[in-house]
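*Asks:* Take this structure first; my questions come after.
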Amino acid sequence: MITERLQFTATQNPEAVALIDGETSLRYGDLLERTEAFSRYLSDELGIRRGDVVGFFLPNCWQFVSAFFALAKLGAVCMPFNTHWRAAELRWHLARFPVSAVLTNQELRGPWDELNDVVVPERRIVVDDQECAERFCATPHVPIDRHENQAFDDEVALQLTTSGSTGRPRVTPRSQAAMLAGAANVGKAVGIRAGQRCLAVVPFYHSHGFSNSMFMPLLLGATVVLQKNFVPVSFARLVLEHKIDMLVVSPFILRMVADRNIDANTFAAVEVCLSSGAPTPRELAEMWHDRYGVRVRQLYGSSETGTISIEPADSPIRGGAVGVPVPSVDVKVIDEQGFNRSAGEVGDVVVRSPAMSLGYLGEPELNSQAFIDGYFRTGDLGRLDSDGTLTIVGRKKKTINFGGIKVDPHEIEGVIQKMPGVRQCRIQGVLDPHKSEIIRAVIEVGSERGYTRRDVVAHCREFLAEYKIPRIIELVDEIPMDVTGKVALAWEPS
Amino acid sequence: MTYSNELQSRIRRVLIDSLSLNIAEDELQYGESFEEIIGLDSLAALEFLTAIEKEFGVAFEEDELDLAVLGDLPTLAKLIRSRSSGSELKTKT
């Protein structure tokens, strides 16, 4: 189903450029050929079949894109991992969600050397080594209309990982049909057309990066320019060089670019700018509007539901507003009993969408609480105004949103509590002066232990990706708790 | 305070402020790697080094925007001295 859609787009624009990755430029016809070649390799040599899961430990690169479509052609599943994860985190994840093979590259393969017992070396494919490069490229030419496909509408195509607040990452499987529905909805809402040029810098292991900067633009015939790591100056250079007219970003990216005083003309061609992952502060959106002439539009979505709402291009900039629901997505604001709140009243935001995931993999109990009557409970508190605008005012769930990546406080608490002499530890998200959430640890240690900040950082580094290491570390004799069990030590940004 | 000490003190200040670290300046010891003090995630590195660029009017190359490359206080101070025209290094009030 996904393959047919890509083929349809490719048939319409075989010469149009689909992907630009550094020096590599692939037309739609080339992308299909490489996808075909790689799907044969996956099925004939690795024995990948319908329903098999393949882990991706890759940056945003053309091989990621091609391998994803190759798996979709087989009815198999792409499960991207956060590339900052360490061996310990990967091991934990793979024990619960096994994979048939892993795709990585030469730069990132390091942690896998410690995981031979989980994924044997023969099932680890390094996509940029010589042998693998030949697999992608060396198949005889197959005319576009001769590809044979199976439908696979209900087959899972993508399993993204998100963090909850239970100490366990969650995996959200999305079917081919749901992914296509999501792409069509967002495409309609934003008005994407063939020939547009989109910069893909948000990592593909993130729903916003995968869906909005790669999958949706490619299905609609746009050109996707890939950036592996966000660096403000090279980001600006790519925008200018490729006359990018669609930006898919996060508030962090917007702030870092603004801080570098990038020349205002750089963004002259930008027509669409979708910011997601975290709320975009109003001042930042206003600054982008005034300095670069770019209307930053907040996009609200989740790994569980796909994109929920987007700010219209002509709406005034309002803090907290996340726009109107995209076509076919139903948003309700309900009270504790499940009844609809009136317009303007704050309640729980629940969402039903054809792009929704099939629930959390292997979590029946959690699913019965989070997915009720076809609606996903986002855990966000918000209100729907009479004009249909959704505004998010707070969050019920205890996950921390660090630069658009959800972090589970219990996972970090568990790691720090392993330090000898630590009596207890509380992790919470606090706002820095830029209104970005950062991680704060309050740690109760016996006075006989002379721990310092450095000891905590060094300990965390053994078990946790760098982004999960608390920025604020407070070692105290006793953690004062309030009645709800929250840390009663206030935090004020410096 | 010597010229060199003053520069290092300003770098310490920028590190603490840009990352909202709740530590005193004198807790950061000379020669200690940044890695020992904070998590080196890419967001932290970009935030800190962008703040350094603003403070001292210097520009780092793409491959330098990495705390693993810039390493520690003396290395960073040396690089700032070599890149800066001099005027930015005078005391800011």
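*Asks:* When a/c reaches 1.5 or more, the comparison of a/b and b/c decides; with that in mind, is segment A:22-172 rounded, prolate or oblate per its Cα gyration tensor? Display every interim value, and only then the final one.
*Replies:* On the way: a/c = 1.91, a/b = 1.48, b/c = 1.29.
Because a/c hits 1.5 or more and a/b exceeds b/c, segment A:22-172 counts as prolate.
*Asks:* Same structure again: Relative to the Cα centre, what is the charge dipole magnitude of segment A:341-429, using +1 at the beta carbon of each Lys and Arg, -1 at the beta carbon of each Asp and Glu, and rounding to the nearest 20 debye?
*Replies:* Rounded to the nearest 20 debye, it is 360 debye.
*Asks:* Need the C-alpha centroid separation for segment A:35-82 versus segment A:309-362, integer Å.
*Replies:* 33 Å
*Asks:* Per-residue mean of other chain beta-carbon atoms within 10 angstrom of the beta-carbon, peptide B:15-24?
*Replies:* 5
*Asks:* If you average the C-alpha positions of segment B:57-82 and of segment A:410-483 separately, how far apart do those two centres end up, in angstrom?
*Replies:* One Cα centre to the other: 28 Å.
*Asks:* Still on this structure: Output ³J(HN,Hα) for segment A:259-264: one whole-Hz value per residue in order, computed from phi by the Karplus curve 6.51 cos²θ - 1.76 cosθ + 1.60 with θ = phi - 60°, and x for Gly and Pro.
*Replies:* 5, 7, 6, 5, 3, 4
*Asks:* Now a separate question. At 222 nm, what helix-only mean residue ellipticity would chain A give, in deg cm²/dmol to the nearest 500, using -39500 (n - 2.57) for each DSSP H run of four or more?
*Replies:* The helix contribution divided over chain A gives -7500 deg cm²/dmol.
*Asks:* Mind listing the Cα extents of segment A:323-409 along all three principal axes, in Å, largest one first?
*Replies:* In descending order, the Cα extents are 38, 29, 27 Å.
*Asks:* Evaluate segment A:256-405: find the radius of gyration of its Cα atoms, find its Kirkwood radius, and give the ratio Rg to Rh.
*Replies:* Computed over Cα atoms, the ratio is 1.01.
*Asks:* Given chain B reduced to its alpha-carbon atoms as identical point scatterers, what log10 I(q)/I(0) does the Debye formula return at q = 0.12, 0.19 Å⁻¹?
*Replies:* -0.32, -0.86
*Asks:* With heavy atoms of protein chains only and a 1.4 Å probe, what residues of segment B:25-41 have at least 30 Å² less accessible area in the full set of chains than alone?
*Replies:* So the qualifying set is B:Glu35, B:Glu36, B:Ile37, B:Gly39, B:Asp41.
*Asks:* Can you give me the accessible area per residue for segment A:347-492, using a 1.4 Å probe, in Å²?
*Replies:* 45 Å²
*Asks:* Tell me the Kirkwood radius of segment A:263-350: reciprocal of the mean inverse pair distance over distinct alpha-carbon atoms, in Å.
*Replies:* Details: mean 1/r = 0.0691 Å⁻¹.
Taking the inverse mean of 1/r over all distinct Cα pairs, segment A:263-350 comes out at 14.5 Å.
*Asks:* Another question, if that's okay. Which value in deg cm²/dmol, rounded to the nearest 500, describes the helix-derived mean residue ellipticity at 222 nm for chain B, given -39,500 (n - 2.57) per DSSP H run of n ≥ 4 and division by the residue count?
*Replies:* -16000 deg cm²/dmol, from helical runs alone.
*Asks:* Taking the protein assembly as shown, how much of its Cα-Cα pair set, in percent, is spaced more than 48 angstrom apart? Walk me through the numbers on the way to the answer.
*Replies:* Working: 18579 of 171991 pairs.
Above the 48 Å cut-off, the protein assembly as shown has 11 percent of its Cα pairs.
*Asks:* Right, next: Kirkwood hydrodynamic radius of segment A:438-477 from all distinct Cα pairs, in Å? It would help to have the intermediate numbers written out before the result.
*Replies:* Values: mean 1/r = 0.0946 Å⁻¹.
This gives a value of 10.6 Å.
*Asks:* Students often check this: by mean Cβ neighbours within 10 Å, which of A:277-288, A:259-270 ranks highest, and how do the rest follow?
*Replies:* On the way: A:277-288: 19.1, A:259-270: 15.6.
The packing order, highest mean first, is A:277-288, A:259-270.
*Asks:* Another question about this same structure. Please work out how much length the chain gains when fully extended from A:Arg237 to A:Ile334, using 0.36 nm per residue of separation minus the C-alpha to C-alpha distance, in nm with one decimal.
*Replies:* Here the answer is 30.4 nm.
*Asks:* Taking both sides together, what accessible area is buried at the B/A interface, probe 1.4 Å, expressed in Å² and rounded to the nearest 100? Write down the numbers at each step before the final one.
*Replies:* Details: alone 5530 and 20850 Å², together 24010 Å².
Accessible area lost upon association: around 2400 Å².
*Asks:* Name the residue farthest towards the positive end of the dipole of the protein assembly as shown from the options A:Pro251, A:Val233, A:Thr305, assuming +1 on Cβ of Lys and Arg, -1 on Cβ of Asp and Glu, about the Cα centre.
*Replies:* Result: A:Thr305, furthest along the dipole toward the positive end.
*Asks:* Under a point-charge model restricted to the Cβ atoms of Lys and Arg (+1) and Asp and Glu (-1), what is the dipole moment magnitude of chain A relative to its Cα centre, in debye to the nearest 20?
*Replies:* Values: 53 positive and 62 negative charges, 96 e Å.
Taking the Cα centre of chain A as origin, the dipole is about 460 debye.
*Asks:* Next question, about the same structure. How long, wide and thick is segment A:386-469, going by the Cα atoms along their three principal axes, in whole angstroms, largest first?
*Replies:* Principal axes ranked by extent give 60, 23, 21 Å for the Cα atoms.
*Asks:* Which percentage, to the nearest 5, of the DSSP beta bridges contained in chain A is antiparallel? Don't skip to the end; give the middle numbers.
*Replies:* Working: 48 of 81 bridges.
Expressed as a percentage, antiparallel bridges in chain A total about 60.
*Asks:* Right, next: Charges on Cβ only, +1 for Lys and Arg, -1 for Asp and Glu, centred on the Cα centroid of the protein assembly as shown; of A:Val202, B:Phe56, A:Met216, which one is farthest towards the dipole's positive end?
*Replies:* A:Met216
*Asks:* From Cα coordinates alone, what are the radius of gyration and Dmax values for segment A:226-315 in angstrom?
*Replies:* 12.6, 38
*Asks:* Using label points projected 7 Å from each Cα along Cα→Cβ, tell me how many nm separate A:Gln424 and B:Ser84, to one decimal.
*Replies:* Here the modelled spin labels are 4.6 nm apart.
*Asks:* To continue, here is another question. Restricting the count to DSSP beta bridges whose residues both fall in segment A:400-486, what percent are antiparallel, rounded to a multiple of 5?
*Replies:* 70 percent
*Asks:* Binning at 10 angstrom from zero up to the longest distance, how are the C-alpha pair distances of segment A:108-258 distributed in percent?
*Replies:* Result, from short to long distances: 9, 25, 37, 25, 5 percent.
*Asks:* Among rounded, prolate and oblate, which fits segment A:210-276 when a ≥ b ≥ c are the square roots of the eigenvalues of its C-alpha gyration tensor, a/c under 1.5 means rounded, and a/b larger than b/c means prolate?
*Replies:* prolate
The values are calculated or read from the model by the stated rules, or taken from the named source; none is laboratory data. Note that the coordinates shown come from a computational prediction; the quantities given were computed from them, not determined experimentally. All Cβ positions, even for glycine, are placed from backbone atoms using ideal geometry, and neighbour counts span all protein chains on display. Ligands, DNA and RNA are stripped out before the accessible areas are found, and what is left, the full protein with its side chains, is counted by its heavy atoms. Shrake-Rupley method; radii C 1.70, N 1.55, O 1.52, S 1.80 Å.
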